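Engineer: Below you will find the structure I want to go over with you.
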Amino acid sequence: MTGPAIERRATAVELRAADGRRLEGYAATFDTPATIGDFTETIAAGAFAASLARRGDILALVDHDPGRVLARTRSGTLTLGEDAKGLAFSIAVPDTQTGRDVLALAERGDLGGMSFGFTVPKGGERWAGKTRELRAVELVEISVVSAWPAYSGTSINARMRIPPRLAAIRRFMETVR
């Protein structure tokens, strides 16, 4: 017997650069309507709480591809948490070809969004006509995606540490301009 099918939702991207080799932002935002096929869906605040509290191993992937792992909660390279806005994440990006490619695309603003894969436990959704509210989900993975988003309002921040000498040169060059 197989378990429930994993659903995936993609979200829009906003990029801001800062210090460190990290991607940070929101994989999902609360109360933001998205059209999924012939229905509208929103995510209620607290929808990820029980899943996160179980502290299972959740992956950070590229385009939902399990062969392109960026990070995972088990190793501490992926941190997830809920706040008033949504499902926040922080990925310590590996120095692999995939990691370098993702950082380069993030810095250029070429990424299409964030996405998350999930299942809905019994009682985890509420339907009102053609509107679905996700009240509880079992989070399986989050993904950096190059496709179009289903949800808007999420963000991803590229953070790269600049060596102190290069930062000093950059500051000097900005004063000369």
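Bear in mind that the values in this text are calculations on the coordinates, not laboratory data. Because the structure is predicted, anything quoted here is derived from the model rather than measured. As a convention, Cβ positions derive from the backbone with ideal geometry for all residues, glycine included, and neighbour counts pool all protein chains shown.
Engineer: Taking R0 as 30 Å, what FRET efficiency do you get between ARG54 and ARG108 from their Cβ-Cβ distance, rounded to the nearest 0.05?
Structural biologist: Once the sixth-power term is evaluated, E becomes 0.25.
Engineer: Could you list VAL93, VAL69 in order of exposure, starting from the residue whose Cβ has the fewest other Cβ atoms within 10 Å? Please list the in-between numbers first.
Structural biologist: Working: VAL93 23, VAL69 19.
The most exposed by this proxy come first: VAL69, VAL93.
Engineer: If packing is taken as the average number of other Cβ atoms within 10 Å across a peptide's residues, how do 57-63, 126-132, 114-120 rank, most packed first?
Structural biologist: Going by the mean number of other Cβ atoms within 10 Å, highest first, we get 114-120, 57-63, 126-132.
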